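S.K.: Before we start, here is the structure in question, set down as structure tokens.
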2 protein chains.
Amino acid sequence: MHSALSTQHSALIYNIGQLATPIDEGRPLVGAAQGRLRLISDAAVAIDQAGRIAAVGDSATLLAQHQVGEKLNAGGRTMLPGWVDAHTHAFYAGDRADEFALRLQGANYLEIMAAGGGIMSTVRATRAASADQLRELTAARLRRMRANGTTTVEVKSGYGLSVAEELRCLRILRDLAADPTLPRIVPTFLGAHAIPGEYAGRADEYVSLVVEQMLPQVAAERLAEYCDVFCDMGAFDVAQTRRIMEAAAALGLKLRLHANEFADIGAAELAAELRCVSADHLLLLDEAQIAALHNAGCVAVVAPGTPYGLGLDHYAPARRMIEAGLPIALASDCNPGTCPCESMPLIISLACTQMRLTPAEAIVATTLNGAYALGRAHEVGSIEVGKRADLVLWDVPSYTHLPYRFGSNLVWKTVMGFEF
Amino acid sequence: MHSALSTQHSALIYNIGQLATPIDEGRPLVGAAQGRLRLISDAAVAIDQAGRIAAVGDSATLLAQHQVGEKLNAGGRTMLPGWVDAHTHAFYAGDRADEFALRLQGANYLEIMAAGGGIMSTVRATRAASADQLRELTAARLRRMRANGTTTVEVKSGYGLSVAEELRCLRILRDLAADPTLPRIVPTFLGAHAIPGEYAGRADEYVSLVVEQMLPQVAAERLAEYCDVFCDMGAFDVAQTRRIMEAAAALGLKLRLHANEFADIGAAELAAELRCVSADHLLLLDEAQIAALHNAGCVAVVAPGTPYGLGLDHYAPARRMIEAGLPIALASDCNPGTCPCESMPLIISLACTQMRLTPAEAIVATTLNGAYALGRAHEVGSIEVGKRADLVLWDVPSYTHLPYRFGSNLVWKTVMGFEF
């Protein structure tokens with residue numbers, strides 16, 4: 001495979017002890033295929049002048065053919081595709097460390113909301129922050145993600161919750177997306193993340209604001225590729241969510257949905273009905289709902305860091321999803337309330353220890369299936385000719401070490417195109 | 001407190017936004033006191049020429065008094081004592097990543113043993129490794145621990161399991177203990193870690209080897225400060241353990257014990273009877289056993305990374321221990337089988353999310369109570385005048401961020417004496 005050699009290689013990474021990659025067959029990997037990685041020993045990857053993969057093959061062969069350009073000796077290390085993290089709220093100011101501790105001592109979400117905490121606490125901090133502060137805080141966060149091997153990341157708005165603030169946040173995010181030192185950013189509009197205090201008791205009016213004022217501007221300025229809604233108890237109901245999602249789709253935005261995280265209010269069925277690209281969280285999901293998502297072609301985005309951070313005793317039914325043929329992507333859900341986790345290797349470890357994914361299933365879920373969950377599989381998610389050279393070298397002898405050696409950052413080098 | 005100023009300061013760390021330390025009152029902190037940290041804002045720490053803490057106080061005051069020597073501006077960051085990790089098996093070669101994955105898919109420990117895995121797999125790899133290899137592998141591991149804020153670490157033997165190999169390992173460990181770039185090492189002899197294949201069916205003969213040949217040499221060469229035994233189903237029973245521990249005590253070694261991890265065979269009662277400095281693991285522990293350990297003055301060393309790595313649904317009953325006044329220390333249990341975790345911040349996060357410790361309780365458990373569990377509280381475990389300057393600066397505004405921001409290494413600098 002992948003021996004189509006170009007004469008325009010401009011860089012070569014060789015002496016890769018183990019190269020592990022999913023094989024992209026044009027759709028998310030499901031069932032037994034979700035656990036299948038192609039392994040190449042003593043591998044090399046050639047990168048062309050556009051920063052795309054030009055060849056994948058045997059180290060000695062590619063080294064002999066590669067006469068010009070930069071060379072990087074991987075020293076026998078393991079190469080995987082960069083992580084594609086399909087669900088984050090990584091754009092925010094402030095923190096909720098105290099709330100995190102209170103919740104683990106038994107305070108519930110509603111008590112914390114009543115005390116002025118929860119999402120609105122982050123909204124206040126985000127609104128109060130300057131553009132420079134928001135840019136720096138988010139860039140630092142995304143750089144730490146990249147240092148842990150993430151090369152593509154979805155980032156949602158949702159801590160502005162007014163027309164001006166949602167647009168301000170998305171414009172700053174657009175600036176960040178142009179920074180080549182950061183992971184590639186896929187922006188999502190989540191104006192319907194919570195009902196802001198100003199609209200307490202007037203949720204439908206807030207939905208009108210989202211539909212009539214936020215969405216048209218977001219679409220006109222092309223500030224987001226996706227629209228998402230937090231469809232759950234205490235947030236937006238199914239009717240409100242449908243109204244927002246239909247308006248977004250009419251404006252050309254693609255859809256993804258927070259579904260069945262805290263309560264089952266029909267969000268999973270709605271995600272299926274709307275044929276969302278992904279349905280996310282899915283902690284409470286029965287077989288009929290799994291089948292509905294499967295039939296609708298949704299990717300299930302599972303974020304085990306969140307139940308971990310909440311100290312819950314249940315996780316999304318990932319094994320049942322895989323058995324039913326529903327493709328799983330794993331995401332960090334990086335957010336200031338329940339899970340400020342910037343490390344996809346820890347997410348992989350949680351997926352293996354708490355949801356019983358195999359290491360290979362977890363790696364497919366954080367690479368190729370993550371790329372499908374973001375509509376980016378033509379570009380990223382596997383180490384194959386023509387895709388972007390988003391490549392991570394790990395200081396381990398095999399991909400199986402990633403869930404096993406939890407807690408340490410084992411990245412040796414994160415490569416995006418030519419930056420090595 | 002701590003305003004005793006010396007004229008011999010030779011270094012000052014100032015502009016510490018938050019200094020958080022347990023206060024050492026001569027015994028492990030228990031009950032409500034286990035959750036008590038002293039917090040100082042805008043703090044500074046002066047270090048004398050012997051690498052000990054000379055003063056702890058207000059930043060402006062100490063800065064004015066500190067005329068000579070090095071200065072380090074902490075930039076408003078948070079300082080905590082270095083972690084004291086009271087239970088590790090960090091001296092080994094090889095890995096058991098495949099076994100880790102198999103076990104999460106349902107393979108049990110006995111099946112893995114039968115297939116040649118488990119502890120004996122690491123014994124084979126360790127015996128086959130050269131002294132240089134063992135030195136380098138262990139040093140790299142201990143350096144990663146230090147990079148995560150660990151400044152004192154207990155390390156057990158137990159992958160040699162012959163007279164020659166146990167002594168070889170402990171001698172290499174002694175060499176490592178002289179390396180000032182590593183955490184301080186407290187060596188423990190764990191010749192009774194498993195019954196080696198050569199003694200299959202002859203456990204009592206192996207115990208005789210430990211008692212008659214290993215222990216006298218270990219004591220004569222002062223290769224270990226503690227003796228430990230893996231007293232559990234499938235390892236050593238109570239009678240065998242008592243025989244080893246009594247011989248060790250007679251030779252002047254202090255005692256610690258693996259107890260009640262997989263089965264309750266009476267190990268906790270034995271630890272109490274022998275007045276071990278610590279009883280470790282304790283996943284299965286009733287109120288009478290908690291009381292017995294409490295009355296015997298034992299520290300409970302709890303290692304939540306191990307049930308996490310095993311994918312278990314139960315952890316040590318840490319809250320009940322605290323309520324009963326039993327002091328808790330948290331340890332990594334870093335080992336190649338169940339938990340190769342080198343990050344005490346992840347252990348703290350697990351303690352908070354899975355066992356409901358408060359952030360302060362978890363930090364006392366990883367600092368001062370860890371020091372008591374190793375008989376080192378006179379030297380380390382809190383930031384107080386006279387103790388060693390084992391200090392870690394964290395890139396966070398408060399200690400509460402450590403369990404909250406799980407997955408990232410937030411250390412800014414680990415200081416031991418003058419190394420900054």
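The values are calculated or read from the model by the stated rules, or taken from the named source; none is laboratory data. Only a predicted model underlies this, so the values are computations on that prediction, with no experimental measurement involved. We place every Cβ from the backbone using ideal geometry, glycine too, and count neighbours over all the protein chains shown. Note: areas computed on protein heavy atoms with side chains; ligands, DNA, RNA excluded. Shrake-Rupley method; radii C 1.70, N 1.55, O 1.52, S 1.80 Å.
S.K.: Enter the mean projected area of the convex hull around the alpha-carbon atoms of the stretch B:66-211, in nm², rounded to one decimal.
M.R.: 12.4 nm²
S.K.: Which longest uninterrupted range of chain B lacks any GluC sites (Glu not before Pro) assigned by DSSP to a loop state (not H, G, I, E or B) and surrounded by at most 14 other Cβ atoms within 10 Å?
M.R.: It runs B:222-418.
S.K.: Something else about it: Could you identify which residue out of A:M214, A:M233, A:M245 has the top mean-square fluctuation in a GNM of chain A using Cα springs shorter than 10 Å?
M.R.: Largest GNM mean-square fluctuation: A:M233.
S.K.: Ordering B:W412, B:W394 by accessible area with a probe of 1.4 Å, largest first, what comes out?
M.R.: Numbers: B:W412 90, B:W394 0 Å².
Highest to lowest solvent-accessible surface, that is B:W412, B:W394.
S.K.: With 16 Å as the cut-off, how large is the P(r) tail for the stretch B:271-353, expressed as percent of Cα-Cα pairs? List each step's numbers first, then the result.
M.R.: Values: 1663 of 3403 pairs.
Above the 16 Å cut-off, the stretch B:271-353 has 49 percent of its Cα pairs.
S.K.: Considering the options B:A50, B:A64, B:L142, tell which one lies farthest towards the positive end of the dipole of the stretch B:1-155, charges being +1 on Lys and Arg and -1 on Asp and Glu at the Cβ, about the Cα centre.
M.R.: So the residue furthest toward the plus end is B:L142.
S.K.: Which loop trypsin sites (Lys or Arg not before Pro) in the stretch A:114-199, with loop taken from DSSP, have no more than 16 other Cβ atoms within 10 angstrom of their Cβ?
M.R.: Passing sites in the stretch A:114-199 do not exist.
S.K.: Taking the Cα centre of the stretch A:274-342 as origin and charging only Cβ (+1 Lys, Arg; -1 Asp, Glu), how large is the dipole, in debye to the nearest 20? Write down the numbers at each step before the final one.
M.R.: Values: 3 positive and 7 negative charges, 32 e Å.
Rounded to the nearest 20 debye, it is 160 debye.
S.K.: If each label sits 7 angstrom from Cα along the C-beta direction, how far apart, in nm, is B:A50 from its counterparts in the other copies?
M.R.: 6.9
S.K.: Can you tell me the 0 to 90 degree angle between the C-alpha axis of helix A:163-177 and the longest principal axis of chain A, rounded to 10?
M.R.: With rounding to tens, the tilt is 10 degrees.
S.K.: For peptide A:89-97, how many partner chain Cβ atoms fall within 10 Å of a residue's Cβ, on average?
M.R.: Numbers: counts 0, 0, 0, 0, 0, 0, 7, 1, 11.
Rounded to a whole number, the mean comes out at 2.
S.K.: Starting from the Cα gyration tensor of the stretch A:303-344, take the square roots of the eigenvalues, sort them a ≥ b ≥ c, and report rounded, prolate or oblate (rounded when a/c is under 1.5, otherwise prolate if a/b is larger than b/c, else oblate).
M.R.: In terms of gyration-tensor shape, oblate.
S.K.: Same structure again: Provide the solvent-accessible area of A:D313, counting protein heavy atoms only and rolling a 1.4 Å probe, rounded to the nearest 10 Å².
M.R.: Rounded to the nearest 10, that gives 140 Å².
S.K.: Dividing the convex hull volume of the alpha carbon atoms of the stretch A:146-284 by its residue count, what do you get in Å³ per residue?
M.R.: 110 Å³
S.K.: Mind checking the mean number of beta-carbon atoms from other chains within 10 Å of the Cβ atoms in B:99-107?
M.R.: 4
S.K.: I've got another one for you. Have a look at A:G149, A:G116, A:G17 and tell me which one the Gaussian network model of chain A (Cα, springs below 10 Å) gives the largest fluctuation.
M.R.: A:G116
S.K.: Sorted from largest to smallest, which semi-axis lengths in Å does the alpha carbon gyration tensor of the protein assembly as shown give for its equivalent ellipsoid, taking the root of 5 times each eigenvalue?
M.R.: Rounded to whole Å, the semi-axes are 45, 32, 27.
S.K.: What gaps in nm, shortest first, separate A:A139 from its twins in the other copies when you place the label 7 Å past Cα toward the beta carbon?
M.R.: Result for A:A139, in nm, nearest copy first: 3.8.
S.K.: Binning every alpha carbon pair distance of the stretch A:360-420 at 5 Å from zero, what are the percents per bin?
M.R.: Bins of 5 Å from zero give 4, 17, 22, 25, 20, 11, 1 percent of pairs.
S.K.: Give me the orientation-averaged projected area of the Cα convex hull of the stretch A:131-181, in nm², one decimal.
M.R.: 3.4 nm²
S.K.: Further question: Taking the 0 to 90 degree range and rounding to the nearest ten, how far is the long axis of helix B:119-128 tilted relative to the main principal axis of chain B, both from C-alpha atoms?
M.R.: 80 degrees
S.K.: Which distances, shortest first and in nm, link A:G76 to the matching position in the other copies, using label points set 7 Å out along Cα to C-beta?
M.R.: Those label-point separations list as 4.7 nm.
S.K.: To the nearest 20 Debye, how big is the dipole of the stretch A:95-227 about its Cα centre, given +1 on the beta carbon of each Lys and Arg and -1 on that of each Asp and Glu?
M.R.: Dipole magnitude for the stretch A:95-227 comes out near 500 debye.
S.K.: Whole angstrom only: what separates the Cα centroid of the stretch B:385-408 from the Cα centroid of the stretch B:238-287?
M.R.: Taking the Cα centre of the stretch B:238-287 as reference, the centre of the stretch B:385-408 is 32 Å away.
S.K.: Along the charge dipole of the stretch A:172-230, which of A:Q217, A:A177, A:L190 sits closest to the positive end, that is, farthest toward it, with unit charges on the beta carbon of Lys, Arg, Asp and Glu (+1, +1, -1, -1)?
M.R.: Checked the options; the winner is A:A177.
S.K.: About the Cα centre of the protein assembly as shown, how large is the charge dipole given +1 on each Lys and Arg Cβ and -1 on each Asp and Glu Cβ? Please answer in debye to the nearest 20.
M.R.: That gives the protein assembly as shown a dipole magnitude of about 1440 debye.
S.K.: Decide, for the stretch B:316-417, between rounded, prolate and oblate: order the square roots of the alpha carbon gyration tensor eigenvalues as a ≥ b ≥ c, take rounded if a/c falls under 1.5, and otherwise choose prolate if a/b is larger than b/c, else oblate.
M.R.: Note, shape of the stretch B:316-417 comes out rounded.
S.K.: With a/c under 1.5 counting as rounded, go ahead and sort the stretch A:78-143 into rounded, prolate or oblate using the C-alpha gyration tensor (a ≥ b ≥ c being the square roots of the eigenvalues; past the cut-off, prolate if a/b is larger than b/c, else oblate).
M.R.: Oblate.
S.K.: Give the residue list of chymotrypsin sites (Phe, Trp or Tyr not before Pro) in the stretch A:86-162 that are DSSP loop and have at most 15 other beta-carbon atoms within 10 angstrom.
M.R.: Within the stretch A:86-162, no chymotrypsin sites (Phe, Trp or Tyr not before Pro) qualify (loop, at most 15 other Cβ atoms within 10 Å).
S.K.: Give me the Kirkwood hydrodynamic radius of chain B, using the inverse of the mean 1/r over all pairs of distinct Cα atoms, in Å to one decimal.
M.R.: The Cα-based Kirkwood calculation yields 21.6 Å.
S.K.: Among the residues of chain A, which one places its Cβ closest to the rotation axis that maps chain A onto chain B, and what is that distance in whole Å?
M.R.: That would be A:N409, 3.
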